[in-house]
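This is the structure, below, for whatever I ask next.
Any read-out appearing in this document is the output of simple, stated calculations on the displayed coordinates, not a laboratory observation. In this text the structure is predicted, and so the values were computed from the model without any measurement. Positions of Cβ are generated from backbone atoms using ideal geometry, with glycine treated the same way; all protein chains shown enter the neighbour counts.
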Amino acid sequence: MAHDTEVLVLGGGSTGCGIARDLAMRGVEVTLVERGNLTDGTTGRMHGLLHSGGRYAVSDQASAVECIEENEILREIAGHCVETTGGLFVQRPEDPDDYFREKLEGCRDCDIPARVLSGREAREVEPYLAEDVKRAIQVPDGAVDPFRLCVANAVDAENYGARIETHAEVIDLLREGDDIYGVEVRHESGPGKRTHGTPGTTEEITAEYVVNATGAWAGQIGAMADLDVEVRPSKGVMTIMNVRQVDTVINRCRPKGDADIVVPHETTAILGTTDEEVTDPDDYPEEQWEVDMMIDTLSELVPILEEARTIRSFWGVRPLYEPPGRGTTDPTDITRDFFLLDHEERDGVSGMSSIVGGKFTTYRAMAEEISNHVCEQLGVRASCATAEEALPGSENLAVLEEGMDDFGLRSPIARRSKQRLGSRSQEVLETDEPNPVVCQCEGVTRAEVQDAIDQSGSDLNAVRIRTRASMGNCQGGFCCQNMANELHPEYDEATTREALDELFQERWKGERHALWGEQLSQAMLNYALHATTMNRDNDPASHTEAVDYGAFDSGDSSVRPSSRRRSGGD
Amino acid sequence: MAISDDVLVIGGGIAGATAALAAAEEGADVRLVTHKQSTLRNASGLIDVLGYTHEGEGPIVDPFDRLEELPESHPYRRVGTEAVREALSFFDEVAGDAYAGDHTDANALVPTHGGTVKPTARYPVSTAAGLASDPRDTLLVGFETLTDFDAPLAASHLEAAGAPFAARGVTLRFPGIVRDDAKLTRYAHLLDREEPVETAAGERSAREALAATVKPHLEGESRVGFPALLGDEFADEVRAELADRLGADVFEVPMGPPSLPGMRLEDLLYEALEDAGVRVVSGVPVVGYETDDDGTIDHVLVDRHGQEIPHEAGQYVLATGGLVGKGVRSERDRAFEPIFDCHVPHADDRYDWFVDDVFGEQPYARFGVVPDRELRPLDADEEPEFSNLRAAGAVLGGYDYAAEKSGAGVSLATGYVAGGRAGAEASR
Ligand SMILES: Cc1cc2nc3c(=O)[nH]c(=O)nc-3n(C[C@H](O)[C@H](O)[C@H](O)COP(=O)(O)OP(=O)(O)OC[C@H]3O[C@@H](n4cnc5c(N)ncnc54)[C@H](O)[C@@H]3O)c2cc1C
Ligand SMILES: Cc1cc2nc3c(=O)[nH]c(=O)nc-3n(C[C@H](O)[C@H](O)[C@H](O)COP(=O)(O)OP(=O)(O)OC[C@H]3O[C@@H](n4cnc5c(N)ncnc54)[C@H](O)[C@@H]3O)c2cc1C
């Protein structure tokens with residue numbers, strides 16, 4: 001039987017995109033389907049820590065070793081997505097000495113470069129640390145942009161011939177007897193790029209092999225073919241601050257606990273996190289106490305956080321997996337390792353494997369292992385090349401710095417654009433057209449927004465994750481509208497309006513968790529701008545009832561200068 | 001010697017300025033102390049009275065007809081419909097030729113930069129030719145370097161909103177703008193100062209060059225709309241010259257921050273304050289107060305570069321704005337009025353301060369102090385906090401100006417009443 005594609009990957013997170021790239025580079029024909037945008041799952045809702053392995057150096061040394069290896073590889077192949085911030089494990093006076101020692105030994109066991117700093121030295125590195133911190137271990141933690149990295153994998157997979165379909169939700173697995181041979185998807189606006197307002201279609205996609213990389217949703221996919229995949233989704237909160245209070249990753253050096261890490265990310269710092277099992281990865285409570293706990297607990301390490309401005313909070317769900325029979329009750333005790341479930345071996349159903357568990361930092365290694373497995377099934381001999389081949393944007397980064405002028409941009413903006421685009425800067429920014437700034441907070445220019453629209457259609461959230469536009473202090477209040485303007489005339493007015501409403505509502509969703517102090521004032525300003533000035537809350541264009549224009553003031557005819565009425569050419 | 005006046009107004013937005021003018025008109029000696037720029041820098045410069053009812057019905061044709069339907073706690077109900085009318089007339093006098101709309105009680109529907117129309121009661125003359133109920137065909141002009149306003153998109157949006165005329169948009173290059181990230185004021189100043197700019201036909205004045213850029217795109221439309229950047233100080237002249245050269249009426253489309261029409265209104269109000277002899281102190285905040293034995297305010301403290309200077313008056317008007325102007329502030333567990341700690345009702349749980357729909361009925365938008373009919377802020381037991389303190393404008397709670405489209409109107413009406421009463425009482 002002829003199949004539409006050799007391998008069908010379900011899920012457009014880091015795992016799915018990593019697998020798609022790996023297989024495509026090996027010459028395998030791949031199709032990836034994702035129900036929302038790339039990174040719409042856990043990948044777009046994680047903390048942004050490029051683990052050094054330090055966090056697992058005591059509890060889970062196998063993971064720690066894998067982390068440090070992958071950490072080093074990602075710095076090479078994805079330099080434009082990584083910031084080498086370094087990290088500290090900071091001990092407060094009340095934190096146990098034993099644990100500090102174990103951590104240090106653990107790092108050394110796992111070949112994680114680690115150095116002890118005195119309290120004073122630690123405060124020289126990070127002046128906002130509390131005055132009474134005792135000492136710290138310095139490790140090569142980093143910050144990673146999950147959006148950029150995930151999209152770069154997808155783009156490269158496409159460069160190698162893969163088909164990437166976003167806004168294509170798997171609604172059924174095609175199973176005949178004991179064989180899975182494809183899926184049925186619902187395209188929200190037809191196949192290809194998303195365009196708001198275009199009617200949906202469904203499509204059956206058949207494949208020789210299906211890879212279920214839907215993370216916390218893997219159980220739902222499994223259930224479509226009556227397979228049990230025991231993922232245990234566990235939620236965690238992250239709270240974004242308006243500035244970078246720290247430039248280094250700050251971990252609390254004590255046995256597991258909530259609210260024990262701050263990661264600098266672009267212009268912000270992100271506080272995290274919690275670990276609470278939930279039943280439905282799409283519907284779980286997002287609670288005030290979680291946000292309060294981030295601020296209160298982390299203020300013990302970095303006191304100015306208490307008074308600082310929070311711009312939003314968001315939650316993610318870990319796709320934790322526990323092999324049957326272990327019965328761990330506390331989700332923090334469930335291993336962070338990943339599992340490859342071959343349903344033929346496990347359940348006697350051929351044609352599909354599921355991947356569950358794991359971490360973002362190790363996505364490439366996971367993808368490699370899974371791709372090896374898939375290739376074995378398909379009889380493909382090519383080997384993995386993802387550890388050596390740089391991702392688009394990270395090619396020749398060293399050359400880039402020297403060879404580029406600033407494309408007429410103010411230097412801070414040019415610098416930020418270059419950071420985001422890496423080696424693609426030239427290609428994207430070189431334009432004869434004016435290239436004004438669309439998003440002031442993040443310094444995103446029109447050329448970048450247009451480049452993102454080329455990639456992703458009328459979906460402004462997809463533009464956002466590619467560019468960071470609308471992710472700064474104003475949370476889109478001042479720039480959502482400008483981003484939407486960029487869709488026109490390629491997309492018509494109704495499409496543009498719908499895309500704007502969707503982005504604005506999405507921005508509000510996270511802002512709600514930061515509604516006090518400056519950010520509440522900002523929220524009122526945003527609301528006033530969009531409702532008072534633009535009347536977007538009562539836009540006659542969005543209402544069915546027609547406005548009787550004739551009943552309203554049409555101007556004072558007694559003062560209208562009649563001389564300016566056109567008298568038929570001049 | 002302590003600084004002493006009859007009336008001290010705190011806050012210099014529309015509400016504070018109106019209060020100061022109204023108090024001065026009663027013959028009182030008035031001082032106005034204001035800290036930062038007012039909300040007018042952000043606001044469109046339109047004077048809304050009421051565009052939608054409390055239930056969201058609208059756009060309302062005649063706002064004065066519907067004020068009585070508002071809830072009892074609404075600031076308009078506190079001052080009464082007649083006072084709202086008087087306040088508007090007061091404004092019309094102050095604004096003179098700079099504003100239009102006083103020839104009718106009906107609201108105007110004004111196209112703004114998002115493309116759709118909004119109801120308002122008074123509008124700057126610069127927008128007058130752009131009203132959506134005026135059926136003349138319209139050309140909208142946007143600029144490549146200005147990302148806030150997309151003229152072709154706004155034109156289709158107007159069509160989708162059912163506006164009774166044909167609208168077309170073009171995007172052009174603004175002559176003389178060399179930087180892609182030039183500030184809005186740069187555009188205005190080019191036109192204000194008639195700066196010479198390079199064009200294909202040689203050096204021309206900025207106004208002439210702009211008209212020449214637009215003219216070939218006119219296809220018989222009798223009015224042309226530009227984003228609100230047509231001059232600052234000499235806006236009227238700029239518009240007149242462009243209109244002349246184009247042979248069409250010229251109007252401005254109100255925009256978001258920084259808003260030139262808002263700043264022009266602020267300038268106008270400050271000129272009026274000067275003419276009325278109000279002493280204006282800006283750039284310094286009021287940070288505290290002391291009371292007499294009988295609990296009235298004796299003086300407030302103004303922070304001048306770290307030194308707290310007492311300012312004394314018989315009557316005080318609090319016009320410090322809402323969440324945007326910083327007259328209402330909040331922390332994780334409370335919302336409050338920072339100078340006098342006047343009672344600001346709010347839910348204890350901050351997750352009850354908002355609803356999930358961004359344009360839903362937002363409790364936070366109604367935060368503010370609650371006044372009696374004299375506009376004196378009330379404490380939690382509904383007693384006046386101080387006998388000689390009144391409040392006006394966005395510092396008042398109980399209304400959502402964004403949903404109702406009532407922002408400047410409430411500030412005007414309550415500023416007028418609070419200032420007038422304070423002036424009368426102080427100079428009695
Ligand atoms: C709070 C938190 C913080 C974290 N912090 C870090 C960190 O700092 N560093 C780190 O290395 N790791 C971190 N992680 C772990 C890391 O984020 C995840 O392990 C990783 O992102 C998982 O990627 P994934 O591709 O497997 O899953 P996902 O990103 O969830 O991808 C699965 C995709 O499948 C899609 N999908 C679901 N159902 C369907 C369907 N029916 N049809 C089509 N598509 C579907 C989803 O939309 C989703 O996009 C964190 C996790 C959490 C929860
Ligand atoms: C984006 C936006 C668009 C808007 N569009 C419109 C519109 O189209 N039409 C309309 O009618 N309304 C509109 N509004 C609403 C309207 O602008 C406001 O409701 C109105 O301007 C509020 O005026 P105010 O004088 O009460 O307060 P503000 O203008 O906020 O003035 C308060 C002043 O008090 C000062 N102050 C604060 N604390 C102190 C202190 N301790 N000591 C001294 N001074 C202090 C502040 O610095 C400020 O200058 C809009 C508002 C916004 C934010």
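So if we plug the beta-carbon distance of residue A:279 and residue B:69 into 1/(1 + (r/R0)^6) with R0 = 35 Å, what FRET efficiency do we get, rounded to 0.05?
The pair residue A:279/residue B:69 has a calculated efficiency of 0.15.
Could you list which residues have their amide H under 5 Å from that of residue A:50, counting only those 5 or more apart in sequence or on another chain, with H placed in the peptide plane?
Long-range HN contacts for residue A:50: A:142, A:143, A:144.
Can you work out the Karplus-derived ³J(HN,Hα) for every residue in the range A:179-195? Use 6.51 cos²θ - 1.76 cosθ + 1.60 with θ = phi - 60°, whole Hz, and x for glycine or proline.
10, 9, 10, x, 9, 10, 10, 10, 7, 4, 9, x, x, x, 4, 7, 10
Now, a different point. What is the pair-distance distribution P(r) of chain B, computed from all Cα-Cα distances in 10 Å bins starting at 0, with each bin given as a whole percent?
Pairs per bin, as whole percents: 5, 22, 29, 23, 15, 6, 1, 0.
Can you compute the FRET efficiency between residue A:544 and residue A:120 using 1/(1 + (r/R0)^6), with r the Cβ-Cβ distance and R0 = 51 Å? Round to the nearest 0.05.
Here the calculated transfer efficiency is 0.15.
From the backbone phi of the range B:323-332, what are the Karplus-calculated ³J(HN,Hα) couplings (6.51 cos²θ - 1.76 cosθ + 1.60, θ = phi - 60°) in whole Hz, Gly and Pro given as x?
Running phi through 6.51 cos²θ - 1.76 cosθ + 1.60 with θ = phi - 60° gives 4, 6, x, 6, x, 10, 10, 8, 10, 4 Hz.
Another question, if that's okay. With only Lys, Arg, Asp and Glu charged, each at its Cβ (+1 for the first two, -1 for the last two), find how big the charge dipole of the range A:431-542 is about the Cα centre; round to the nearest 20 debye.
520 debye
Moving on. Across peptide B:56-62, what mean number of C-beta atoms from other chains lies inside 10 Å of a residue's C-beta?
Mean inter-chain Cβ contacts per residue within 10 Å come to 3.
Taking every alpha carbon pair in the range B:113-253, what does the distance histogram look like in 5 angstrom bins from 0, in percent?
2, 10, 21, 24, 22, 13, 6, 2, 0
Next up: Near the amide H of residue B:396, under 5 Å away, which other amide H atoms are found, from residues 5 or more places off or on another chain, if H is placed in the peptide plane?
Placed amide hydrogens put B:369 under 5 Å from residue B:396.
By DSSP, what percent of the beta bridges with both residues in the protein assembly as shown are antiparallel, rounded to the nearest 5?
The antiparallel proportion sits near 60 percent.
Which of the peptides A:61-73, A:481-493 is most tightly packed, and how do the rest follow, judged by the mean count of other Cβ atoms within 10 Å per residue?
A:481-493, A:61-73
Name every cysteine in chain A that ends up alone, with no second cysteine's Cβ under 4.7 Å, or say none.
That list is A:17, A:67, A:81, A:107, A:110, A:150, A:253, A:375, A:384, A:441, A:474, A:480.
Follow-up. In debye, nearest 20, what is the charge dipole magnitude of chain A about its Cα centre with +1 on Lys and Arg Cβ and -1 on Asp and Glu Cβ, if you could check?
Charge dipole, chain A, about its Cα centre: 1840 debye, nearest 20.
When N is the residue count of the protein assembly as shown, what does its C-alpha Rg come to as a fraction of 2.2 N^0.38 Å?
1.02
Over the alpha carbons of the range A:431-542, what is the largest minus smallest coordinate on each principal axis, giving the biggest first in Å?
Per principal axis, max minus min of the Cα coordinates gives 42, 32, 21 Å.
Quick check on the protein assembly as shown: helices-only [θ] at 222 nm, where DSSP H runs of length 4 and up contribute -39,500 (n - 2.57) each and the sum goes over total residues. Nearest 500, please.
-9000 deg cm²/dmol
Once you put a point 7 Å from the Cα of residue B:267 and another 7 Å from the Cα of residue A:558, both along the Cβ direction, what distance in nm separates them?
With each label point 7 Å from Cα toward Cβ, the separation is 2.9 nm.
Further, regarding this structure: If each residue of separation counts as 0.36 nm, what is the full-extension length gain between residue A:102 and residue A:345 once their alpha-carbon separation is subtracted?
83.6 nm
Still on this structure, I have one more. Over the Cα atoms of the range B:1-94, how large are the radius of gyration and the largest Cα-Cα distance (Dmax), in Å?
Just the Cα atoms of the range B:1-94 yield Rg and Dmax of 16.0, 55 Å.
Scan around residue B:251 for amide H atoms under 5 Å from its own, H built in the peptide plane at 1.01 Å from N, and keep only partners 5 or more places away or cross-chain.
B:224, B:225, B:226
Using only atoms on other chains, find how many Cβ atoms lie within 10 Å of each Cβ of peptide B:105-112 and report the average.
4
Quick one: what are the phi-derived ³J(HN,Hα) couplings along the range A:35-40, Karplus 6.51/-1.76/1.60 with θ = phi - 60°, whole Hz, x for glycine and proline?
Those phi angles translate into 6, x, 7, 3, 6, 5 Hz.
Oh, and also: Whole number please: convex hull volume per residue, Cα atoms of chain A, in Å³.
Hull volume over Cα atoms, normalised by residue count, gives 197 Å³.
Treat each spin label as a single point 7 Å out from the Cα along the C-beta direction, and report the residue B:428 to residue A:433 distance in nm.
The two pseudo-label positions are separated by 6.6 nm.
Considering only C-alpha atoms, what is the centroid distance from the range A:500-554 to the range A:1-42, in Å?
With the range A:500-554 and the range A:1-42 each reduced to a Cα centre, they are spaced 38 Å.
With each pseudo-label sitting 7 Å past Cα toward Cβ, what's the residue A:328-residue A:426 distance in nm, one decimal?
My value for the distance between the label points is 4.8 nm.
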